[in-house]
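Here's the structure, in structure tokens; my notes come after.
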Amino acid sequence: MLTKTMTRIGAATAPLLLAALLAGCATSKNKADTQYVARDVSTLYNAGKYRLDRGQYKMAAALFDEVERQHPYSPWARRAQLMSAFSYYMNKDYSESIAASQRFLAIHTGNKDAPYAYYLIALCYYEQIADVTRDQKITQQSLDSLGELIRRYPDTRYAADARLKLDLVNDHLAGKEMEVGRFYQRRGQWLAATLRFRTVIDKYQTTTHTPEALERLVESYLSLGIPAEAQKAAAVLGRNYPGSKWYERSYKLMREHGGKA
């Protein structure tokens, strides 16, 4: 379900990016070839735009890079950097897109298009998020970059989209903690499992994994022989998720151990 939701959100992202990027850009039907020879800046830029419009993203990125290389002091160079970053993004060359965006930010600190560059970096990490059974380094990088965008530019449309994605990233990270916690439970390593479930409750309490984390805490505390802590977790679960299957399970467990849920 999470993967499908992320896919739908990602599909809606490209139009937002492209619309912002093309605002105020020159357009042309120029069909210039893509040989790397010295050309005037408008010819190079419009050749890149032509390739981008036709889905030839890698070629478009190379042409926009040529704008920057051949005409570094032209006003077109700044726009070409972002167009290059977007072209790499559309071609799923995420590391190249991140590098181009970061280069833009290093050179044009405080530029009006900076929120866009931060957003593009965040998207590149976001769209590489792996399933919860794999290392979550990229997920953490996505979380960090989305958070930075929201902190720096809270009132932009990019921040609004970033907040939605941030919720999904947090849910993903919580899912990883749950996966590891359940692994420890299966091996009878109750203390290690407890630490993972506590992390979900303390750091990701607004995610969909919280009810299960509380129920798993009840199991773990009872197995550790500390029913008082199990009762506290069950009480929180009962107050916040009284109709869930996880509360029913914790209620049954507490009754079996002679406690109150």
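See the values below:
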| quantity | calculated |
| --- | --- |
| Boolean, Val169 is assigned to a helix (DSSP H, G or I) and touching a residue at least 40 places away in the same chain (Cβ under 8 Å) | yes |
| Ala77 vs. criteria at negative phi, in a helix (DSSP H, G or I), out of contact with any His (no Cβ under 8 Å at 6 or more places or on another chain) and small (Gly, Ala, Ser) | no |
| Any hit, region 121-138, residues being touching a residue at least 12 places away in the same chain (Cβ under 8 Å), farther than 27 Å from Glu179 by Cα and open to solvent by less than 40 Å² (accessible area, probe 1.4 Å) | yes |
| Residue in region 68-91 that is open to solvent by 40 Å² or more (accessible area, probe 1.4 Å), more than 21 Å from Thr43 (Cβ to Cβ), modelled with pLDDT of 90 or more and out of contact with any Asp or Glu (no Cβ under 7 Å at 6 or more places or on another chain) present | yes |
| Selection count, region 179-207, where residues are in a loop (DSSP other than H, G, I, E, B) and in contact with a helix residue (DSSP H, G or I) (Cβ under 6 Å, 6 or more places away or on another chain) | 2 |
| Leu224 vs. criteria touching a residue at least 24 places away in the same chain (Cβ under 8 Å) and of a type outside the set (S, T, N, Q) | yes |
| Number of the exception - Glu179 against (1) more than 25 Å from Ile129 (Cβ to Cβ); (2) open to solvent by 40 Å² or more (accessible area, probe 1.4 Å) | (1) |
| Selection from region 207-244 of residues that are of a type in the set (Val, Ile, Thr), open to solvent by 30 Å² or more (accessible area, probe 1.4 Å), under 34 Å from the mean Cα position of the chain (by Cα) and over 14 Å from Glu177 (Cβ atoms) | Val236 |
| Total residues in region 151-166, condition β-branched (Val, Ile, Thr) and in a helix (DSSP H, G or I) | 0 |
| Count of residues meeting criterion [within 18 Å of Gln141 (Cβ to Cβ), of a type in the set (Ser, Thr, Tyr) and open to solvent by 10 Å² or more (accessible area, probe 1.4 Å)] in region 99-120 | 1 |
| Lone unmet requirement of (1) open to solvent by 60 Å² or more (accessible area, probe 1.4 Å); (2) in contact (Cβ under 8 Å) with a residue 24 or more places away in the chain for Tyr247 | (1) |
| Flag for Asp155 being without any contact (Cβ under 8 Å) to a residue 40 or more places away in the chain, more than 14 Å from the chain's Cα centre (by Cα) and closer than 30 Å to Lys203 by Cα | yes |
| Which numbered condition Asp131 fails, given (1) in a loop (DSSP other than H, G, I, E, B); (2) at pLDDT 95 or above | (2) |
| Verdict on Leu217 being aliphatic (A, V, I, L, M), touching a helix residue (DSSP H, G or I) at 6+ places or on another chain (Cβ under 7 Å), closer than 28 Å to Val169 by Cα and part of a helix (DSSP H, G or I) | yes |
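The values are calculated or read from the model by the stated rules, or taken from the named source; none is laboratory data. No experiment lies behind these values; they were computed from the predicted model shown. With ideal geometry, Cβ positions are generated from the backbone for all residues, glycine too; neighbour counts draw on all protein chains shown. Accessible surface areas use protein heavy atoms only, side chains included; no ligands, DNA or RNA. Shrake-Rupley method; radii C 1.70, N 1.55, O 1.52, S 1.80 Å.
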